[in-house]
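The values are calculated or read from the model by the stated rules, or taken from the named source; none is laboratory data. Since the model is a prediction, treat every value here as computed from it, not as a measurement. All Cβ positions, glycine included, derive from the backbone under ideal geometry; neighbour counts span all protein chains shown.
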């Protein structure tokens, strides 16, 4: 599992300077897609339900405290925005190839989307949808565990055995004849 610092620094190293909202959503979506594929958490970041979708105060703290990340105000069309960037890419921790590949895939998939579009995508994820109240924690640990179970060979074997048992009992024919 990556630290939040490793995840955010590598997102910025791969993607280049990003607005804070985009960093938030890319980190969240990287977590979701990693959990779905691997049944495990990608990082130790925590997220809550917030005004504009999933939000991690951990990321804000990383941006404020990490000497290798600088946040600058830039003019974006008619309004100012804050963008974060890596100061020294060579100082960013190297990732395992599988994790680096995952991050590159997620960034490539979403980089052209606006912050608002990413917000909508993130808001439509199952873990975000399961939170009800403002500032409720988003259960990424439970989501990863769920995917670890349904993605396991044992789970698939049990489902196939149950399906064969139901076929032998003729349960499917009974349901179709009603």
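Within the range 75-97, residues that are surrounded by 10 or more Cβ atoms within 10 Å (Cβ to Cβ) have Cβ atoms under 9 Å from residues that are modelled with pLDDT under 80 in these pairs: 83/76, counting only partners at least 6 apart in sequence or on another chain. Residue 161 meets the conditions (1) at pLDDT below 95; (2) surrounded by 12 or more Cβ atoms within 10 Å (Cβ to Cβ) in every case but one. The failed one is (2). Among the residues of the range 123-170, not one is in contact with a helix residue (DSSP H, G or I) (Cβ under 7 Å, 6 or more places away or on another chain) and at positive phi.
Among the residues of the range 107-117, not a single one is part of a helix (DSSP H, G or I), under 21 Å from the mean Cα position of the chain (by Cα) and loosely packed, with under 10 Cβ neighbours inside 10 Å. Of the residues in the range 40-65, how many are surrounded by fewer than 19 Cβ atoms within 10 Å (Cβ to Cβ), modelled with pLDDT of 95 or more and more than 13 Å from residue 24 (Cα to Cα)? Of the residues in that region, 3 qualify. Within the range 66-80, does at least one residue satisfy the condition of being out of contact with any strand residue (DSSP E or B) (no Cβ under 7 Å at 6 or more places or on another chain), within 15 Å of residue 138 (Cβ to Cβ) and part of a strand (DSSP E or B)? Scanning the range 66-80 turns up no residue that is out of contact with any strand residue (DSSP E or B) (no Cβ under 7 Å at 6 or more places or on another chain), within 15 Å of residue 138 (Cβ to Cβ) and part of a strand (DSSP E or B).
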